[in-house]
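Chemist: Below you will find the structure I want to go over with you.
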Amino acid sequence: ANAGGIPAAGRLNWSTRMAFILAATGSAVGLGNIWKFPYITGENGGGAFVLLYLFCIALIGIPLLIAEVMIGRRGKHSPPDAMRALAKEAGVSRHWSLVGWVGVITGFLLLSFYLVVAGWAVSYIFTAGTGAFNGASGDDIGAMFGRLVGDPVATTVWGSVVLLITSAIVIKGVKQGLERAVTTMMPGLLVLLLVLVGYAMTTGHFAEGVNFMFNPDFSKLTGTSVLVALGHAFFSLSLAGGGMMTYGSYLGKDVSLGKTVLTIGVLDTLVALIAGLAIFPIVFANNLEPGAGPGLIFVTLPIAFGQMPMGQVVGLLFFIMLSFAALTSAISLMEPAVSFLTEKKGYSRLKAGSMTAAGIWVLSLGSVFSFNIWQDHTLYGKTFFDVLDYLTSSWIMPLSGLAMAVFTGWVMKKTSTQEELPNGMTHTLWRFLIRYITPVGILAVFLNAIGVMG
Ligand code: PFF
């Protein structure tokens, strides 16, 4: 047997188990938790959606995150070649490498709109820092956000700033920098979110917010809610974006996959729920619309910063940390393409990083324009930004997840997966989930969605 997986020379490795946990948590926790989760929960009616989401995380997301990191760690290459190596080991077609390709390309597509929203967050560091929210009314703050996203030049500049910083870190090598950024920023972000929850408790609408999030009313779900919940489980756990597989390929054998992935999943889910608890009471206290869309946190939280004591400082720190959380995710979206180009084409990290960044920048303009000059160019009512988000999260990532479940559950030899998950009980439970529950769950969601649409 091929004990220890397939060796490859010269790969960088995480210095410690902690470094991997931090990088992977940094990838998972980002705009998905604080920006996207609250706004899609609002659009999909609250509690029932949250419940669906939690099921998707537990039964589909966690087993697949184990599978994805496992493929990377055992395949020891960038995603396409890691898949190819494991296909070879299992004696099946090398075309399974397609799954790795999809990961690299998905990371690329996701980053093109992710950086636009990250750019909004960075620009709000300055808006908050200059005290612009102090005492402003809900309408003023809504108008501020409208002015920001309505300005194609400003949002292009802010997005470019994010892309430049991301590329610089990726080119330098993700190991340095990432660890420090995550250890200081993550706990900070969590503390500030808790401060915001504290403020939300003073609004007099806290119970209404809790009720909205945790009292499931299934009649409030819309046709595609189930698909959106599944897609968000993928997005939030950074599944099928190539990043977790790439980070896994830098991971040593001594790490317990089960425990590590569980830690990441729990942290990721906690941050999203806490963000919701901070945001919805503010929504109700100010008569805002929970389904207001992508601007939700950029309109609700500034109201809180404008009213609470020391709000200017809290707001400033919050947007700094949100930007860092976005940055550590953006890095993991860019790393797969760079890792692939350096490994496969022999490019330097500088060349690979610059090429990837140039492509992403051009594509990002489509998302920037979706909020201004192209806002009326829609497909089935969706802007370029919406289409990109919907296709990646709701279709491409779950499909690629289905392929990964089949691959690790049915194609890879049991002895191989056992080597990766040496704890007997963990392996048995994981294998049962990944063979039956995860793929059937994904298929059921797809069939439901197709039924609803057709
Ligand atoms: N998980 C990140 C977030 O919630 O913000 C986004 C993300 C990163 C998705 C990396 C996919 C990925 F591969």
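The values are calculated or read from the model by the stated rules, or taken from the named source; none is laboratory data. This structure is a prediction, so every number in the text was calculated from the model and none was measured. Positions of Cβ are generated from backbone atoms using ideal geometry, with glycine treated the same way; all protein chains shown enter the neighbour counts.
Chemist: Please enumerate the residues belonging to segment 14-42 that are more than 16 Å from the ligand (Cβ to nearest atom) and modelled with pLDDT under 95.
Modeler: Hits for segment 14-42 are Trp14, Ser15, Thr16, Arg17, Met18, Ala19.
Chemist: Let me ask another. Which residue out of Lys351, Lys344 is at pLDDT 95 or above, out of contact with any strand residue (DSSP E or B) (no Cβ under 8 Å at 6 or more places or on another chain), more than 16 Å from the ligand (Cβ to nearest atom) and basic (Lys, Arg)?
Modeler: The unique qualifying residue is Lys351.
Chemist: Any idea how many residues of segment 74-106 are more than 16 Å from the ligand (Cβ to nearest atom) and assigned to a helix (DSSP H, G or I)?
Modeler: Result for segment 74-106: 15.
Chemist: Any idea which residue in segment 197-223 is farthest from Val69 (Cα to Cα), counting only those that are surrounded by fewer than 18 Cβ atoms within 10 Å (Cβ to Cβ) and β-branched (Val, Ile, Thr)? Before the answer, list the steps.
Modeler: Initial filter on segment 197-223 (surrounded by fewer than 18 Cβ atoms within 10 Å (Cβ to Cβ)): 198, 201-202, 204, 207-208, 210-211, 214-220, 222-223.
Applying the additional criterion that residues be β-branched (Val, Ile, Thr) yields 202, 210, 222.
Numbers: Thr202: 42, Val210: 34, Thr222: 33 Å.
Among residues in segment 197-223 that are surrounded by fewer than 18 Cβ atoms within 10 Å (Cβ to Cβ) and β-branched (Val, Ile, Thr), the one farthest from Val69 (Cα to Cα) is Thr202.
Chemist: Out of the residues in segment 277-286 that are surrounded by 24 or more Cβ atoms within 10 Å (Cβ to Cβ) and out of contact with any Leu (no Cβ under 8 Å at 6 or more places or on another chain), which is nearest to Ser236 (Cα to Cα)?
Modeler: Of everything passing the filter in segment 277-286, Phe280 is nearest to Ser236 (Cα to Cα).
Chemist: Select, from Leu59, Leu52, the only residue that is away from the ligand (no atom under 14 Å from the Cβ), surrounded by fewer than 21 Cβ atoms within 10 Å (Cβ to Cβ) and of a type in the set (A, V, I, L, M, F, W, C).
Modeler: Exactly one of Leu59, Leu52 is away from the ligand (no atom under 14 Å from the Cβ), surrounded by fewer than 21 Cβ atoms within 10 Å (Cβ to Cβ) and of a type in the set (A, V, I, L, M, F, W, C), namely Leu59.
Chemist: Across segment 107-136, which residue is farthest from the ligand (Cβ to nearest atom) among those that are in contact (Cβ under 8 Å) with a residue 12 or more places away in the chain and not in a helix (DSSP H, G or I)?
Modeler: Among residues in segment 107-136 that are in contact (Cβ under 8 Å) with a residue 12 or more places away in the chain and not in a helix (DSSP H, G or I), the one farthest from the ligand (Cβ to nearest atom) is Gly135.
Chemist: Go through the residues of segment 408-426 one by one and say whether even a single one is among the small types (Gly, Ala, Ser), crowded, with 20+ Cβ neighbours inside 10 Å and within 17 Å of Ile57 (Cα to Cα).
Modeler: no
Chemist: Cβ-Cβ distance below 8 Å, separation of 6 or more or different chains: which pairs start in segment 28-41 with a residue that is closer than 13 Å to Leu230 by Cα and without any contact (Cβ under 8 Å) to a residue 24 or more places away in the chain and end on one that is among the small types (Gly, Ala, Ser) and near the ligand (Cβ under 7 Å from one of its atoms)?
Modeler: Short answer, once both residue conditions are applied: none.
For (1) among the polar types (S, T, N, Q); (2) modelled with pLDDT of 95 or more, each residue gets a yes or a no:
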residue	(1), (2)
Phe319	no, no
Val338	no, no
Ala357	no, yes
Ser367	yes, yes
Gln375	yes, no
Ser400	yes, yes
Phe407	no, yes
Trp410	no, yes
Lys413	no, yes
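Chemist: Please enumerate the residues belonging to segment 223-239 that are part of a loop (DSSP other than H, G, I, E, B), at pLDDT 95 or above and not polar (S, T, N, Q).
Modeler: Leu237, Leu239
Chemist: If you scan segment 245-259, which residues turn out to be more than 10 Å from the ligand (Cβ to nearest atom) and in contact with a helix residue (DSSP H, G or I) (Cβ under 6 Å, 6 or more places away or on another chain)? Explain how you work it out, then say what you get.
Modeler: The initial filter retains those residues of segment 245-259 that are more than 10 Å from the ligand (Cβ to nearest atom), namely 248-259.
Across segment 245-259, the qualifying residues are Gly248, Ser249, Leu251, Val255, Leu257, Gly258.
Chemist: Out of curiosity, is Phe113 of a type in the set (Phe, Trp, Tyr), buried (at least 22 other Cβ atoms within 10 Å of the Cβ) and over 18 Å from the mean Cα position of the chain (by Cα)? Full working, then the answer.
Modeler: Details: of a type in the set (Phe, Trp, Tyr): yes; buried (at least 22 other Cβ atoms within 10 Å of the Cβ): yes; over 18 Å from the mean Cα position of the chain (by Cα): no.
So Phe113 does not fit the description; no.
Chemist: So which residues in segment 117-157 are of a type in the set (Ser, Thr, Tyr) and in contact with a helix residue (DSSP H, G or I) (Cβ under 6 Å, 6 or more places away or on another chain)? Let's see the steps before the verdict.
Modeler: Start the filter on segment 117-157 by keeping residues that are of a type in the set (Ser, Thr, Tyr), which leaves 123-124, 127, 130, 137, 155-156.
Within segment 117-157, Ser123, Tyr124, Thr155, Thr156 meet the criteria.
Chemist: Here's something else I'd like to know. If we scan segment 230-244, do we find a residue that is crowded, with 24+ Cβ neighbours inside 10 Å, within 16 Å of the ligand (Cβ to nearest atom), in contact (Cβ under 8 Å) with a residue 12 or more places away in the chain and farther than 15 Å from Gly61 by Cβ?
Modeler: yes
Chemist: For segment 438-454, give me the residue count where each residue is surrounded by fewer than 16 Cβ atoms within 10 Å (Cβ to Cβ) and among the hydrophobic types (A, V, I, L, M, F, W, C).
Modeler: Residues in segment 438-454 being surrounded by fewer than 16 Cβ atoms within 10 Å (Cβ to Cβ) and among the hydrophobic types (A, V, I, L, M, F, W, C): 7 in total.
Chemist: A follow-up question, please. Condition check: at pLDDT below 95, among the aliphatic types (A, V, I, L, M) and within 16 Å of the ligand (Cβ to nearest atom). Does Ala181 satisfy that?
Modeler: Taking the combined requirement at face value, the residue satisfies it.
Chemist: Here's something else I'd like to know. Which residue out of Val266, Val313, Val283 is out of contact with any strand residue (DSSP E or B) (no Cβ under 8 Å at 6 or more places or on another chain), without any contact (Cβ under 8 Å) to a residue 24 or more places away in the chain, under 30 Å from Ser137 (Cα atoms) and in a helix (DSSP H, G or I)?
Modeler: Of the residues listed, the single one that is out of contact with any strand residue (DSSP E or B) (no Cβ under 8 Å at 6 or more places or on another chain), without any contact (Cβ under 8 Å) to a residue 24 or more places away in the chain, under 30 Å from Ser137 (Cα atoms) and in a helix (DSSP H, G or I) is Val313.
Chemist: Looking only at segment 198-226, which residues are among the aliphatic types (A, V, I, L, M) and under 22 Å from the mean Cα position of the chain (by Cα)?
Modeler: Step one: list which residues in segment 198-226 are among the aliphatic types (A, V, I, L, M), which gives 200-201, 207, 210, 213, 221, 226.
Within segment 198-226, Met213, Val226 meet the criteria.
Chemist: Starting from segment 427-450, keep only residues that are closer than 11 Å to Thr408 by Cα, then list their pairs with residues that are outside any helix (DSSP H, G or I) and not acidic (Asp, Glu) whose Cβ atoms are within a distance under 9 Å, requiring at least 6 positions of separation or different chains.
Modeler: Trp430/Leu421; Arg431/Leu421
Chemist: Condition first: within 16 Å of the ligand (Cβ to nearest atom) and within 23 Å of Gly30 (Cβ to Cβ). Can you find one or more residues in segment 219-228 that meet it?
Modeler: Within segment 219-228, one or more residues are within 16 Å of the ligand (Cβ to nearest atom) and within 23 Å of Gly30 (Cβ to Cβ).
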